[in-house]
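Working notes, structure below.
Every number in this text was worked out from the coordinates using simple rules, so none of it is lab data. Computed from a predicted model, the values in this text were never measured in an experiment. Using ideal geometry, Cβ is built from the backbone for each residue, glycine included, and neighbour counts are taken over all protein chains shown.
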Amino acid sequence: MSDFWLYVRLGLEHVLDWNAYDHTLFIIALCASYTLKTWRRALVLVTLFTLGHSVSLALATYQVVTIDSSWVEFLIPVTILATAVVTIVHALKKKMLSTGLVFGVLTFFFGMIHGFGFAGYFKMINDGNILTHLLEFALGIELAQVIIASVVIVLGYSFQELLNLKKIYWVVTLSAIVIILSIPMLVENWIF
């Protein structure tokens, strides 16, 4: 039973680690346009991201797919920037994001990229029971991402309903902050 909590905790810490805040930025950009009324759509996207993360982690751990880590480290901030930009574009068009098929597939794909970023460490700490530990780790990731999404949605509610801030201002400002914070990661991992 201690292995269960170890891997769940690793998943939680992987996402909630302030020194590696890429997941946090991604989830913030992903959920910026959702409200208390649309939280289920945000949850679907968060879960698709976790599934993508888990699939790529399994593919890398079982050595089905190998990707150069420099590409993964470069693509992670690209996924964050792309999500934030799409969120801003939708907000400016006054067409807030939905859980449409295209955005769902994109979120799953972005989750795969983030999963490849953790594969080396996961292989190193895994004691042989790969599938079980992957599921436990995925549970920790999902819990952490739901925590972040909940905070974003509640803060959005607070700013929009209690402080009377227009939704477009909330979404654009939050997404712009994500862009600003992810640019140094992109520059640091630039491969061209």
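Summary of computed values
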item	result
Kyte-Doolittle mean at least 0.5, axial Cα span of 24 Å or more - DSSP H helices of the chain	39-61, 69-92, 101-125, 130-157, 167-188
Most fluctuating residue given options 25, 165, 139, as computed from a GNM of the chain linking Cα atoms under 10 Å	165
Neighbourhood net charge (15 Å Cβ-Cβ; Lys/Arg +1, Asp/Glu -1) for residue 141	-4
Nonlocal Lys pairs with alpha-carbon distance under 29 Å, the chain (8 or more apart, or different chains)	11
Loop-resident sites, segment 41-99, for trypsin sites (Lys or Arg not before Pro), counting at most 15 other Cβ within 10 Å (DSSP)	93, 94, 95
Principal axis dimensions, largest first and in whole angstrom, of segment 20-188 by Cα	53, 32, 27
Within the chain: Cβ-based charge dipole about Cα centre, in debye rounded to nearest 20 (Lys, Arg +1; Asp, Glu -1)	1060 debye
Farthest positive-ward along segment 96-192 dipole, Cα basis, beta-carbon charges - from 124, 112, 182	182
Two-site FRET efficiency, residue 37 against residue 127, from Cβ-Cβ distance with R₀ of 35 Å, rounded to 0.05	0.20
Calculated [θ] (222 nm, deg cm²/dmol) that DSSP helices of n ≥ 4 give over the chain, each run adding -39,500 (n - 2.57)	-26500 deg cm²/dmol
Cβ-derived FRET efficiency at R0 41 Å, residue 190 paired with residue 92, nearest 0.05	0.90
Of the chymotrypsin sites (Phe, Trp or Tyr not before Pro) in segment 1-43, those whose Cβ has at most 10 other Cβ within 10 Å and which sit in DSSP loop	18
